[in-house]
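Everything below concerns the one structure shown next.
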Amino acid sequence: MTDFDQQIAALHDTLYQFTRKLTQDQEESQDLVQETILKALTYRSKFRHNTNLKGWLYTIMRNTFINNYRRAQRFRTSLDDAHEAYLLNVPDVHTFNVPDRNYEYKDMNERIDEIRKEFLVPFKMRSEGYKYREIAEQLNIPIGTVKNRIFQARKEIQEKLAASAG
């Protein structure tokens, strides 16, 4: 077992506890942890050694959970309003539109890259899974400053998105 594999194995319980907050179901939690570990091992070449492994795994897990949730929502069962009230598996065409979603993600990422660097660095670190304390230590600034900069980054991104939409 490589050092990378051992580090991931050591985080198994931590990942499981995190999934319990997401899924509220023991079996789903176990499946999500297994899927996360499988993806991490499959894409180990994408891991940058100077980044936070736990944060990287949390990001994989969060994205997997969101994708699974969206997939379930697309194929959720709904009631037919016919006399027999048959159950139909029909995708919800109103909430899933790939071109629009891709445009929204692209637009949001462009707006994120436009914010001031002093806000961008802590914001991106937080989105990668770093804790406030870890960001403060790495950037050598007080934790309150970290929280303020992340708040300001979010505010600036929202303002830029609102301006580009209107």
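Quick note: the coordinates plus some simple rules give every number you see, no bench work behind them. Because the structure is a prediction, the values reported are computed rather than measured. So basically every Cβ, Gly included, is an ideal-geometry build from the backbone, and we count neighbours across all protein chains shown.
The label-point distance for residue 158 and residue 67, in a model that sets each label 7 Å from Cα toward Cβ, rounds to 2.9 nm. What the phi angles of the stretch 14-19 give under the Karplus curve with 6.51, -1.76 and 1.60, with θ = phi - 60°, is a coupling list of 5, 5, 4, 4, 5, 5 Hz, glycine and proline written as x. In plain terms, the chain from residue 24 to residue 132 could stretch by 36.3 nm, reckoned as 0.36 nm per residue minus the Cα-Cα distance.
When you count the other C-beta atoms within 10 angstrom of each residue and take the mean per peptide, 15-22, 47-54, 121-128, 141-148 line up highest first as 121-128, 15-22, 141-148, 47-54.
Amide H to amide H, with H built 1.01 Å from N, residue 131 comes under 5 Å of no residue 5 or more places away or on another chain.
Among the lysines, which fall within straight-line cross-link reach of residue 124, defined as a Cα-Cα distance under 21 Å, with same-chain neighbours fewer than 8 residues apart omitted? Correct list for residue 124: 46, 54, 106, 147, 155, 160. Between residue 114 and residue 59, the simple label model (points 7 Å from Cα in the Cβ direction) yields a spacing of 2.3 nm. Taking 0.36 nm per residue of separation and subtracting the Cα-Cα distance, full extension of the segment from residue 46 to residue 10 would add 11.0 nm.
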